[in-house]
Amino acid sequence: MPIGDVAGRYSDLVTTVFSSTIVAKVWLATAALVLVAVQLVTAARIYGRLRFLPERGAVVARVHRWSGRAAFVLTLPVFFHCVTILGFRTPDARVAVHATVGTFFYGVFAAKVVIVRDRSLPGWALPTAGITLATMLLLLWLTSSLWYFTNVRVGF
Amino acid sequence: MGRGWRPILVGALVVAITFALAETHVFSPSAAPLPATAGDAARGATVFAGTCSGCHGTAGKGGGVGPRLAGAGLDAATVAATVEQGRGVMPAGLVSGQDEADVVAYVVSVSNSGG
């Protein structure tokens with residue numbers, strides 16, 4: 001398949017569900033942000049905070065793990081379109097912030113995965129990585145989805 | 001070097017790969033330009049109303065943050081390039097595929113209709 005066709009095939013696939021590839025990214029990022037909010041709440045519970053929530057334990061840990069996995073999967077089409085089709089651009093402050101934070105996003109994600117699996121690291125490393133990642137996703141959402149909802153339209 | 005550096009090294013490697021992919025635009029469709037005659041302007045009017053009129057106004061007559069398109073005398077290649085690459089605050093790829101072809105046909109028709 002010629003390289004130019006990949007973008008076309010991707011667009012054809014995405015537009016079977018959404019009206020455009022941009023709209024798909026807007027909603028996938030929004031869903032990922034909701035799941036990251038679940039991640040923050042369950043992580044806080046695991047660390048003994050938010051005591052009004054159900055008892056911490058296997059269920060909370062499972063919800064935390066699967067919400068993270070789902071959020072990661074939802075960001076993959078966004079990554080594919082932003083990075084491999086649109087590329088790094090800085091035409092204005094909003095796009096420059098979005099492109100810069102987006103470039104570092106999966107790097108911080110990869111670092112967090114390493115931290116999760118390495119129990120020899122200090123206890124503050126994991127929550128720091130998690131909060132950084134959540135903050136980055138919020139910044140990415142504010143500079144893309146929120147911008148789209150407020151400047152273009154809210155729709156599928 | 002201690003194990004504490006592993007997350008930073010792995011993260012830096014992923015950032016470098018991401019940036020390299022972003023800089024090379026590996027799957028950018030610019031190598032396969034849109035045929036100027038492939039669009040349906042009537043259908044493009046519907047797509048335009050839903051996606052573009054918020055910034056370019058009804059029928060491209062302006063009034064939003066985007067420029068007036070009606071009567072601007074644009075050609076299909078320019079419109080397609082702007083849709084695909086974006087310009088100013090307009091993000092790239094707002095529409096794509098057949099929707100893009102239809103919108104391009106519509107914008108070309110209104111921009112050459114005397115406004």
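Odds and ends about this structure:
- The residue that is surrounded by the fewest Cβ atoms within 10 Å (Cβ to Cβ), counting only those in segment A:83-100 that are hydrophobic (A, V, I, L, M, F, W, C) and more than 8 Å from every other protein chain (Cβ to nearest Cβ), is A:93.
- If you filter segment B:1-32 down to residues that are within 10 Å of chain A (Cβ to nearest Cβ) and part of a loop (DSSP other than H, G, I, E, B), you find that the one that is modelled with the lowest pLDDT is B:32.
- Identity of the residue in segment A:1-54, aromatic (Phe, Trp, Tyr) and touching a residue at least 40 places away in the same chain (Cβ under 8 Å), that ends up farthest from residue A:80 (Cα to Cα): A:47
- Every residue from segment A:131-156 that is under 14 Å from residue A:40 (Cβ atoms) and out of contact with any helix residue (DSSP H, G or I) (no Cβ under 6 Å at 6 or more places or on another chain): A:131, A:135, A:138
- For the residues A:13, A:50, the requirement of being within 12 Å of chain B (Cβ to nearest Cβ) and more than 20 Å from the chain's Cα centre (by Cα) singles out A:13.
- Count of residues meeting criterion [more than 10 Å from chain B (Cβ to nearest Cβ), β-branched (Val, Ile, Thr) and out of contact with any His (no Cβ under 6 Å at 6 or more places or on another chain)] in segment A:101-146: 5
- Residue check, residue A:72 crowded, with 17+ Cβ neighbours inside 10 Å, assigned to a helix (DSSP H, G or I) and in contact with a helix residue (DSSP H, G or I) (Cβ under 8 Å, 6 or more places away or on another chain): no
- Selection of segment A:76-90 for residues being aromatic (Phe, Trp, Tyr) and either over 13 Å from residue B:20 (Cα atoms) or assigned to a helix (DSSP H, G or I) (or both) yields A:79, A:80.
- With respect to the conditions (1) over 30 Å from residue A:111 (Cα atoms); (2) more than 7 Å from every other protein chain (Cβ to nearest Cβ); (3) at pLDDT below 80, residue B:77 falls short on a single one, namely (3).
The values are calculated or read from the model by the stated rules, or taken from the named source; none is laboratory data. Values in this document were obtained by computation on a predicted structure and should not be read as measured data. No Cβ is skipped: glycine too gets one built from the backbone with ideal geometry, and neighbour counts run over all protein chains shown.
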